[in-house]
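Structure record follows, encoded as structure tokens.
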Amino acid sequence: MGAEALPTATTTTTITISSNGNGKEAPLVLGLQASALVDHVARVDCSLLDQIPGERGGSVPVAIEELEYILSEVKNHILQSPDELSAVKTMAGGSVANTIRGLSAGFGISCGIIGACGDDEQGQLFVSNMSSNCVNLTRMRMKKGPTAQCVCLVDELGNRTMRPCLSSAVRLKADELNREDFKGGKWLLLRYGIINLEVIRTAVQIAKEEGLMVSLDLASFEMVRNFRVPLLQLLESGNIDLCFANEDEATELLSDCRSGENADPEVALEFLSKHCKWAVVTLGCNGSIARHGNEIVRVPAIGVAKATDATGAGDLFACGFLYGLVKGLSLEECCKVGSCSGGSVVHSLGGEVTPENWHWMYKQMQVNGITVPDIRM
């Protein structure tokens, strides 16, 4: 994804919301998402995918006019499902938001998000969705301008094609961060992205000075491939405590480092563990592998056989793994919780887990001998 223009209007206000999760006590886990994002998710037939620009799968940026055209066409290509009440599900999106929302709603961990949203309808939707899931929003800035959006088209096999509209969306800048954003927190969650690199670097520096642990998600194999050098610099700084990568991202990370030889996930895991206290590589239906010090574990996937939509699976795996770390669980138990939470989100559209699927996850945790969070759904 190339460089994207920032809006000319930069008037900023602080969002103040009186709801659960926005009390005076600092959140335990903070997520940095420079641009709030709203997802529009729908199951569609393949004929729509043939009509829109770009190849199937992956993520190709579009202008607002293209996004609105795709949304207008969705109703003519819907794959009906008895489990879905509406043709299009709209919710707060973005990898960090998915993980933070899951930690708060499904595990009862106090969480907050650092970022910016627009003063438009989509910004209000993002705020409402995160607030209703008890996420602390006192570190969010509201700016004049549009909030980022993404159309997520899911085919009958559960494969995603994403078309984000980001170019004119409001965005948090590095010089807008301050120490108060991080005080009292224990973990900072980040997603790698070149457009937000300066914000990420500044956030990592402040977080480490404030004593927070830092978790980094590698985002996508395209991001790793195209911007490997700054990513390696970030990892080799020693400031990343926990790194999540899927199989494609992990092998792409080392593809230039082994004389053209394809690095397997185990080799990538070993590399990541040299720079991070915890390293995790998710393997889709084959589960996950993780390493902490000299300990290496492999855990099978749970609940992916009947997947409807893979959106958010990695984000929710991270959510469960982080819950395990916060609660002092073993490395294997952290991966098991991650498998349960990752499996919970693939049974419905989008990256937000339904109450029914949270209950499914709790049952899976019980089956695997993991204590269920003491919260009420």
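Quick one: of the DSSP bridges fully inside the chain, what percent are antiparallel, nearest 5? Mind dumping the intermediate values first?
Working: 25 of 60 bridges.
Bridges in the chain that DSSP calls antiparallel: roughly 40 percent.
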Check: Can you tell which of Gly342, Gly284, Gly123 shows the greatest fluctuation in a Gaussian network model of the chain with Cα springs below 10 Å?
Finding: Gly284
Notebook entry, point to check: If you take the beta carbon distance between Gln51 and Asp248 as r and set R0 to 22 Å, what does 1/(1 + (r/R0)^6) give as a FRET efficiency, to the nearest 0.05?
Noted result: 0.25
Margin query: For a test of the definition: using alpha carbon positions, the gyration tensor, and the 1.5 limit on a/c, classify the range 66-176 as rounded, prolate or oblate.
Written below: oblate
Next item on the list: Give the span of the chain's Cα atoms along each principal axis, as three whole-Å numbers ordered largest to smallest.
Entry: 53, 51, 44
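Sorted by packing (mean other beta-carbon atoms within 10 Å per residue), highest first, where do 167-180, 95-108 land?
Listed from highest to lowest mean packing, they are 95-108, 167-180.
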Notebook entry, point to check: Which of the GluC sites (Glu not before Pro) across the range 80-159 are loop residues per DSSP, with 12 or fewer other Cβ within 10 Å?
Noted result: Glu156
Next item on the list: Give the distance, in whole Å, between the Cα centre of the range 229-258 and the Cα centre of the range 334-351.
Entry: 24 Å
Margin query: Nothing charged except the Cβ atoms of Lys and Arg (+1) and of Asp and Glu (-1): what's the magnitude of the dipole of the range 218-377 about its Cα centre? Round to the nearest 20 debye.
Written below: 400 debye
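Multiply the residue separation of Ser128 and Ser237 by 0.36 nm, subtract the distance between their alpha-carbon atoms, and state the gained length in nm to one decimal. Don't skip to the end; give the middle numbers.
Working: separation 109, 0.36 × 109 = 39.24 nm, distance 3.68 nm.
Between Ser128 and Ser237, full extension yields 35.6 nm more.
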Note to self: As I understand it, the dipole of the range 223-368 uses +1 on the Cβ of Lys and Arg and -1 on the Cβ of Asp and Glu, about the Cα centre. Which of Gly314, Val337, Thr251 lies farthest toward its positive end?
What the structure shows: Val337
Notebook entry, point to check: Contour minus end-to-end for Cys285 and Val60, with contour as 0.36 nm per residue of separation and end-to-end as the Cα-Cα distance?
Noted result: 78.5 nm
Note to self: Run the reach check for Lys183 against aspartates and glutamates, Cα to Cα strictly under 14 Å, same-chain hits fewer than 8 apart removed. What comes back?
What the structure shows: Glu25, Glu209, Glu210
Margin query: Multiplying the sequence separation of Lys274 and Ala87 by 0.36 nm and subtracting their Cα-Cα distance, what value in nm do you get?
Written below: 62.7 nm
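Taking a threshold of 21 Å on the Cα-Cα distance, which of the pairs Lys144/Lys208; Lys144/Lys186; Lys327/Lys363; Lys173/Lys327; Lys277/Lys327 fall above it? Please list the in-between numbers first.
Numbers: Lys144/Lys208 31 Å; Lys144/Lys186 31 Å; Lys327/Lys363 19 Å; Lys173/Lys327 33 Å; Lys277/Lys327 17 Å.
Violating the 21 Å Cα-Cα cut-off are Lys144/Lys208; Lys144/Lys186; Lys173/Lys327.
A short reminder: the numbers here are calculations on the coordinates, not readings from a lab. Everything numeric here is computed off the predicted structure, so don't read it as measured data. FYI the Cβ positions are ideal-geometry reconstructions off the backbone, even for glycines, and counts take in every protein chain you see.
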